[in-house]
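Following: one structure in structure tokens, then a few remarks.
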Amino acid sequence: MNTKDFFHNIWEPMKEIWNKKIIQKSTRISYHIIWNIVLFFITIGIIGGFFLGGLGAGYFASLVDNEEIQTEEQMASAIYNYEETSELYFADNEFLSDVSSDLLRDETSLENVSEDVKNAVIATEDEYFETHNGIVPKAIFRAVFQEVTNSSTKTGGSTLTQQIIKNQILTNEVSFERKAKEMLLAMRLERFFEKDDILEAYLNIVPFGRNSSGQNIAGIQTAAEGIFDTNAEDLKLPQAAFIAGLPQSPSYYTPFLNGGGLKDEKDLEPGLNRMKSVLSRMLEAGYISEEEYQEALEYDIVADFKEPEDSVLEKYPYLMRELQDRAVDILVDVLAEQDGYSKEDIESSSILKEEYTIRANREIGSNGYKIHSTIDKEIYDVFQKIAREYDNYGRDKLARNENTKQAIMIEDPDTGEMVQLGEQPVQVGSVLIENSTGKILSFVGGRDFEISEQNHATNVKRQTGSTMKPLAGYGPAMELGVVQPGSVIADVEKDFGGYTPSNYSLRYYGLTSVREALYRSHNATAVTVFNKIKGPELARNFLWKMGLNDITEEQSSYTATVLGTLDLTVEENTNAYATFGNLGEFVDGYMIDKIETKDGEVIYQHESEPVEVFSPQTSYLMIDMMRDVLTNGAGTGTAARANLANKNVDWAGKTGTTSDYRDTWFVATNPNVTLSSWMGYDYKQQLDKDGYSTRNNAFWAKLVNAATEIRPDLMAPSQKFESPGGIVSRSYCAVSGLLPSDECSELGLVQTDIYNADYVPTKQDYSLIKENYATIDGDVVLAGENTPDEFSDGDGVSFNPEWLEDMGYNKLANIKQLTAGKSGAWEKIKYPSDDNEVKNNDKEPNAPTSLKLNNQKLNWKKSNSSDVVGYRIYRASNPDDENFQRIGSTTNTSFTIPGSDAVYHVRAVDYFGQESKPSNVVEKGDFSEPEEDEEDKKDEEKPKKKQNNNNSDNNDSNSNNDNSDGNNNNNNENSDDDAETEPDSESEPESEDSDNN
């Protein structure tokens, strides 16, 4: 088929279909269907748009429904309120400083600002500034879309007007409600003010990073002077572009370091790139030409930066920051209450908390409040001087992680790089509180604010060590009648549910009064007492009432809590101790006395509300025991008193040390004030063991001495703590703490102490019994009928088995810890044997062995028989004398003999009076005979043989005794060897028992 025929066959059928109008009809039907569908969706879109628009409008209206409609005057007051900085005062209305002295701002008018600055700010921050009515819908929708889609590129949607509203009227809270209010107020602001007024306000409000001395700056004039050392009207184009780029991220783009001085080349790069971006936007907006743009890019802006200046250090950085923070906290509650919110509402809502905190900061920075503190200027000044100049803190140490021991790495605030922290000094914290009012009169926040900005007096929490013993242990226990100063507790090794407390000295002190346990700071005793009272009630009834609200009910049940394993600030610890100084009433410490408006209206006045924690009797008893910490020779705080200029002041206090010597404390109170001192490294490293406690105690004393020179009536009251009544003196037995028995009195173990009259001991001591007893291997047994009197004591005293059982001491792993290290009368008290019955085997005991003479002292190994009660010593005049006479007896394994020549042997005596064979014989002196002639020797040969035979028999006997000694030869200790020697009390004050394991 040719081509012509092919196309003919195709065309003819198609022509026929067209002529019949089949295609036309199908197309028309499809068109109508598609058009109707499009119309339907257009209609739905329009209706949906109106619906969503109405919904959005309704939602917007609901967000701003509660916003008060501000008048032009109100808005003007808020917008231009950046001049009246609040003022801080010491006590007695003595001026301290402006609150915002750390933020420099100089106001200027728009006519004194260069056109390049205005254009740069508008091009960068708000390109539609001249035409919008406060908001740019397109920018808002773009920002909302980016937020909803979580876009990584955020271009922002706020105009200059909105930024003013956010900074001066609203908060930085991120919420749709805040944004809606911002938009509404921005549009209202545009109705009242000209564009130039709005731009002028913005340029005076906005922050511009830091100046060359490292201070924070705000306002265009301050920025021009602080960065380029010129006026705002004289800024060149590149300078104007650089400054205009700073508000987006002032601390990142600023050319200066936090402490003053220029950043390095690498860290200047972000700010320079930001300047180029501003220039590019100015070019796009038509504010500058291409030629001006290129010239500005090539300009050496770095050469224009102001020469570095020394940092302008505040004289009172710790104090000003603390007062401002406390004033903000107070104003949060004041402002919230004015709006109908309670303190509980604020604490339970993070959004409300943030909103009112921002408002409070803003008001303090601009409303001209007068903030009056309780701080005594003269005492505060001298405290800071002592902290700076004290020369016995101990050495600086390289900061290391307490767990890994690796050097601490921190982020450089200017460069963002991680750098090694380096060596850090021992830090210090101290607080001085007036007991009756709670006024914080002075404090030491640290050694140097430039080294560490942390306030170690008010904000840093550290473990409290043994300073917790009076607060959580002895104080509550005495209030509950569990113990009194004369109560006797066994300081022994004891397991408390898997925890066995140890003392600083790594030894135990046996039966000890609560008073002694406190001033020596024994851990085991404190834990024993605490174990009787621990539980949720301790937190509710005592700790929380003393302001220690962060200690939970669960923590008040931890056995080690009484040893100070929980963290407190120095202020909290000091404030709690002031409870004792105030005879049992806690008064919350405070530093802001009142806040006035600029017109003198008092909007806040502190009012103290005392809370009774302890009875006056308990507080006085606690004070009296803590006096011994300073005055008793074995007390742990004697170094503090030794350094006091006025030793007659009635101070009572407690030292504290935490595990691994990471913290050292001393807190003491007198009838007027309570003063503390803490030392430690910021990174919880170990203090040098040599004298760490003495250093802190001496520092505390220096503070006292200096403050006393300034305020002698306050710091050195002539009166002492007065007994409140209901306090009585009673004698007690030092063994049990009960009323003395005859046995206790005869031993001389009666002591006297003071008691709450409601809790004096009423039961008579039964811890001791007087019996005729003997001692076998150190165990006390009742003497039998045949026990020789010389080895029994008819006037002897031993622990009463019944008392030991009642106290649970019979279950101790080592019951002899009850008298460990004690001397004098304590050594006369014997321990009863578990089994007082001694069985008679009807055999004489084995003889002692290895008798030796050293100078005039006989020594031997004890008999290996199990019922030996003592030894008898026999003497003969010479080796030929068979008539040995008994010259003495002893329960020991040694005996001192006279100086004359003689021979000796020793015999063991058992419980039933049976005597052993003699030991080997030893000679004292020279019994050898002079040289004789042959005739004399022959005459004496026969009797000599007889004597030798006798000696041989005796030696055989001794040999048998030696063999029978067997494996018991090493058990030759003196019965006194178990007694430990009490360490010299003079060495004790420097070493305190505090254990946080």
Residue under question is N503, and the condition is that it be in contact with a His (Cβ under 8 Å, 6 or more places away or on another chain) and closer than 17 Å to G656 by Cβ; does it hold? yes
Of all residues being among the β-branched types (V, I, T) and part of a helix (DSSP H, G or I) in the stretch 358-403, which is surrounded by the fewest Cβ atoms within 10 Å (Cβ to Cβ)? Just the residue, please. I358
For T618, indicate whether it is buried (at least 24 other Cβ atoms within 10 Å of the Cβ), assigned to a loop (DSSP other than H, G, I, E, B) and not basic (K, R). no
Tell me, which strands (runs of 3 or more DSSP E) lie completely within the stretch 700-787 with 2 or more residues that are in contact with a helix residue (DSSP H, G or I) (Cβ under 7 Å, 6 or more places away or on another chain)? 727-733, 750-756, 768-776
Among residues of the stretch 120-135 being under 53 Å from the mean Cα position of the chain (by Cα) and in a loop (DSSP other than H, G, I, E, B), the residue farthest from K181 (Cα to Cα) is D126
Of the listed residues (G637, G589, G584, G653), the one being assigned by TED's automatic domain parsing to the domain that holds G465, among the small types (G, A, S) and at positive phi is G584
Looking at the structure I just gave you, is L818 buried (at least 18 other Cβ atoms within 10 Å of the Cβ) and in contact with a helix residue (DSSP H, G or I) (Cβ under 8 Å, 6 or more places away or on another chain)? yes
What number of residues in the stretch 222-244 are within 17 Å of E115 (Cβ to Cβ) and not in a helix (DSSP H, G or I)? 4
I'd like to know if the stretch 393-411 contains one or more residues that are outside the structural domain of G261 (by TED's automatic domain parsing), within 19 Å of W665 (Cβ to Cβ) and modelled with pLDDT of 90 or more. yes
Going through T655, T636 one at a time, which residue ends up being part of a loop (DSSP other than H, G, I, E, B) and in contact with a strand residue (DSSP E or B) (Cβ under 7 Å, 6 or more places away or on another chain)? T636
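Residue-wise test of (1) surrounded by 12 or more Cβ atoms within 10 Å (Cβ to Cβ); (2) over 27 Å from E87 (Cβ atoms); (3) free of Cβ contacts under 8 Å to residues at least 60 places away in the same chain.
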residue: K343; (1), (2), (3): no, no, yes
residue: Y356; (1), (2), (3): yes, no, yes
residue: V426; (1), (2), (3): yes, yes, no
residue: F449; (1), (2), (3): yes, no, no
Return yes or no: is G446 in contact with a His (Cβ under 6 Å, 6 or more places away or on another chain), within 24 Å of E572 (Cα to Cα) and outside the structural domain of G209 (by TED's automatic domain parsing)? yes
With the checklist (1) under 22 Å from M807 (Cβ atoms); (2) of a type in the set (F, W, Y); (3) out of contact with any His (no Cβ under 7 Å at 6 or more places or on another chain) in hand, flag the one item Y509 doesn't pass. (3)
Restricting attention to the stretch 518-541, the residues that are surrounded by fewer than 18 Cβ atoms within 10 Å (Cβ to Cβ) and more than 22 Å from L818 (Cβ to Cβ) number exactly 5
Of the conditions (1) surrounded by fewer than 23 Cβ atoms within 10 Å (Cβ to Cβ); (2) farther than 25 Å from D412 by Cβ, N258 satisfies every one except a single condition; which number is it? (2)
Starting from the stretch 285-298, keep only residues that are assigned by TED's automatic domain parsing to the domain that holds L237 and of a type in the set (S, T, Y), then list their pairs with residues that are surrounded by 13 or more Cβ atoms within 10 Å (Cβ to Cβ) and part of a helix (DSSP H, G or I) whose Cβ atoms are within a distance under 7 Å, requiring at least 6 positions of separation or different chains. Y287/N119; Y287/A123; Y293/L279; Y293/L283
Tell me which residues, restricted to the stretch 832-849, are buried (at least 17 other Cβ atoms within 10 Å of the Cβ) and either under 27 Å from T896 (Cα atoms) or among the acidic types (D, E) (or both). P845, N846, A847, P848, T849
Can you name the strands (runs of 3 or more DSSP E) wholly within the stretch 424-503 that have at least 1 residues being closer than 23 Å to Y620 by Cα and within 15 Å of the chain's Cα centre (by Cα)? 427-434
Quick one: would you say L812 is closer than 30 Å to F496 by Cα, surrounded by fewer than 17 Cβ atoms within 10 Å (Cβ to Cβ) and in contact with a Leu (Cβ under 8 Å, 6 or more places away or on another chain)? yes
Tell me which strands (runs of 3 or more DSSP E) are completely within the stretch 866-927 and hold 3 or more residues being under 60 Å from the mean Cα position of the chain (by Cα), or say none if there are none. 868-876, 894-896
Here are some residues: G510, G465, G497. Which one is of a type in the set (G, A, S) and surrounded by 23 or more Cβ atoms within 10 Å (Cβ to Cβ)? G465
Given the conditions (1) touching a residue at least 40 places away in the same chain (Cβ under 8 Å); (2) under 30 Å from N435 (Cα atoms), and given that W803 satisfies all but one, which numbered condition is not satisfied? (2)
Identify the single condition in (1) of a type outside the set (K, R); (2) farther than 17 Å from V906 by Cβ; (3) surrounded by 12 or more Cβ atoms within 10 Å (Cβ to Cβ); (4) touching a residue at least 60 places away in the same chain (Cβ under 8 Å) that E790 does not satisfy, given that it satisfies every other one. (2)
Top-ranked residue of the stretch 542-584 - restricted to ones that are acidic (D, E) and part of a loop (DSSP other than H, G, I, E, B), ranked as surrounded by the fewest Cβ atoms within 10 Å (Cβ to Cβ): E554
Spot the failing condition for F256; the list is (1) in contact with a helix residue (DSSP H, G or I) (Cβ under 7 Å, 6 or more places away or on another chain); (2) free of Cβ contacts under 8 Å to residues at least 60 places away in the same chain, and only one is missed. (1)
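The values are calculated or read from the model by the stated rules, or taken from the named source; none is laboratory data. In this text, all values refer to a predicted model and were calculated from it rather than measured experimentally. Positions of Cβ are backbone-derived with ideal geometry, glycine not excepted, and every protein chain shown enters the neighbour counts.
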